[in-house]
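Step one of this worksheet: look at the structure below.
The values are calculated or read from the model by the stated rules, or taken from the named source; none is laboratory data. Small disclaimer: the values here were computed from a predicted structure and weren't measured. Cβ placement follows ideal geometry from the backbone for every residue including glycine, while neighbour counts extend to all protein chains displayed.
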Amino acid sequence: MKKFLDLGLQPLANSFIKKKNISLKEKKFKLSVGFNKKNYLVSIINTVSKEKMFNKDYPYKSSESKTMKKSFKLLANKIKKKFKPSFTIEIGSNDGAFIKNFKKKDVVGVEPCKNLAQLTKREKYKIYAEYWNIRLAKKITKYRKADLIYSANTLSHIKNYNEIFKAIKNSLSDDGILILEDPSLLECLKNVAYDQFYCEHIYVFSTIALKAILNNFDLEIFNIENTKTHGGSNRYYIKDKSNIKFKIHKNVKKEINKEIKFGLHKFSTYKNFGSKVRKSKKNLLNIFKKLKKNNFKIIGYGATAKSCTVLNYCGLGNTDIKYFYDTTTYKINKYLPGSKILIKEYKKLDRREVDIVYLGAWNFKDEIFKKEQSFIKKGGKFITHIPYPKII
Ligand code: TMP
């Protein structure tokens, strides 16, 4: 693997700090990103053990985002209509935002974060609070294989993809399909969204990389949809090569052509991305410097795992951003890892209190702008680094 980006020392992106621990030394890890020219895979180079990241304290709940909840519901209905699966497995079922749209007897979830698994178990869904692997897959599919395996924003978090895909392959029925959804590398590069890289995102997949990996398991992509989730994602429909029920849609070729045209198969593209990221840091810091000179009151919006990468890479702290607003209960009154900026309970932006807002949750920009119309009308501004640092 050849390194193309160094994001410095970073704390775990979801290790929000309690007030009583604010003066304790945080564990930090080297975060750098590389490209494997054999299978085109882009991944972070030093990975952190899964037990350190995905445990009973994992804070991210899919159902806390209205947008995510709604889109899971729409998707579940679409899948049920189109593929009529009689048995579905979700890998990384989080708090059940997706599987709750299925009948309890037709679905099982796999979720190693026990706090999240518990939330869905309480509603009498069958959840395995374990990591997905070959042993667990055998246990789940002992009596019936899955017609559908769904996994969103999870496989990019799992280091050993060989075991994952082997377990998936063994679990699918003859006509069974796998639907994967993860941030798109093409969108990440186009947007200079280097904050897609943090400890949990071991991989940011491209279609060409996924295709190369799947090929080792005689699996293939038969359709792709581009979605807006997480700032630009792809939903891949995957089947066994021996499964002739589904034809390969022209979207697959189209997406691959887009990626090749952009140069996702060449190291030089990533090297160029690395320079853009360094420039982005410089320009973002310049913006903050100018604003601070004018004594503008700046706060942050959406204390995302992504913003952890930006703040720590750029060295921004609580003298730059006074506090963050966030709607996630778990994060409120805690501090962002590394930068130690306080997270306050969200309230509508008020022009009398705030001049400028750094968009941590830039992937929800449209939703946020709609919500904060009155702040914008009164001259309130936002800072974003996507696709380049600017005030809007
Ligand atoms: P995500 O980008 O990892 O999905 O996280 C989004 C974060 O942003 C989550 O902590 C909730 C927060 N958020 C708000 O505080 N207000 C909002 O209006 C939106 C859309 C998100």
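A few comments on the model shown:
- If you go through region 373-391 and keep only what is assigned to a loop (DSSP other than H, G, I, E, B), out of contact with any helix residue (DSSP H, G or I) (no Cβ under 8 Å at 6 or more places or on another chain) and farther than 17 Å from G302 by Cα, you end up with K378, G379.
- Selection status of H201, out of contact with any His (no Cβ under 6 Å at 6 or more places or on another chain), modelled with pLDDT under 95 and in a helix (DSSP H, G or I): no
- Test for L359: is it aliphatic (A, V, I, L, M) and under 18 Å from the mean Cα position of the chain (by Cα): yes
- Residues in region 87-101 that are within 21 Å of F165 (Cα to Cα) and over 21 Å from the mean Cα position of the chain (by Cα): F87, T88.
- Inside region 129-177, residues that are within 18 Å of K84 (Cα to Cα), assigned to a loop (DSSP other than H, G, I, E, B) and touching a strand residue (DSSP E or B) at 6+ places or on another chain (Cβ under 6 Å) make up a count of 1.
- Number of residues in region 105-124 that are touching a strand residue (DSSP E or B) at 6+ places or on another chain (Cβ under 9 Å), among the charged types (D, E, K, R) and either under 19 Å from F83 (Cβ atoms) or assigned to a loop (DSSP other than H, G, I, E, B) (or both) equals 3.
- S43 assigned to a strand (DSSP E or B) and either touching a Gly at 6+ places or on another chain (Cβ under 9 Å) or within 16 Å of the ligand (Cβ to nearest atom) (or both): yes
- Annotation note: of S71, S49, S86, S43, the sole residue that is touching an Asp or Glu at 6+ places or on another chain (Cβ under 9 Å) and not aromatic (F, W, Y) is S86.
Residues are listed down the side, and each one gets a yes or a no for (1) in a loop (DSSP other than H, G, I, E, B); (2) within 30 Å of N333 (Cα to Cα); (3) aliphatic (A, V, I, L, M); (4) out of contact with any helix residue (DSSP H, G or I) (no Cβ under 7 Å at 6 or more places or on another chain):
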residue: K20; (1), (2), (3), (4): no, yes, no, yes
residue: T47; (1), (2), (3), (4): yes, yes, no, yes
residue: K69; (1), (2), (3), (4): no, yes, no, no
residue: I79; (1), (2), (3), (4): no, no, yes, yes
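- The residues of region 1-36 that are in contact (Cβ under 8 Å) with a residue 60 or more places away in the chain, exposed (fewer than 13 other Cβ atoms within 10 Å of the Cβ) and not hydrophobic (A, V, I, L, M, F, W, C), listed by number, are K2, K18, K19.
- Across region 46-69, the number of residues qualifying as within 16 Å of the ligand (Cβ to nearest atom), surrounded by 15 or more Cβ atoms within 10 Å (Cβ to Cβ) and not hydrophobic (A, V, I, L, M, F, W, C) comes to 9.
- Every residue from region 189-242 that is of a type in the set (G, A, S) and on the phi < 0 side of the Ramachandran plot: A193, S206, A209, A212, S233, S242
- Of the residues in region 155-164, at least one is surrounded by fewer than 23 Cβ atoms within 10 Å (Cβ to Cβ), modelled with pLDDT of 95 or more and either farther than 30 Å from K261 by Cβ or of a type in the set (D, E) (or both).
- From the options L210, L180, L186, residue that is at pLDDT 95 or above, part of a helix (DSSP H, G or I), within 16 Å of the chain's Cα centre (by Cα) and surrounded by 19 or more Cβ atoms within 10 Å (Cβ to Cβ): L186
- Of the residues making up region 70-100, those that are of a type outside the set (G, A, S), out of contact with any Gly (no Cβ under 7 Å at 6 or more places or on another chain) and surrounded by 17 or more Cβ atoms within 10 Å (Cβ to Cβ) number 13.
- Single residue of N14, N39 found to be over 19 Å from the mean Cα position of the chain (by Cα) and polar (S, T, N, Q): N39
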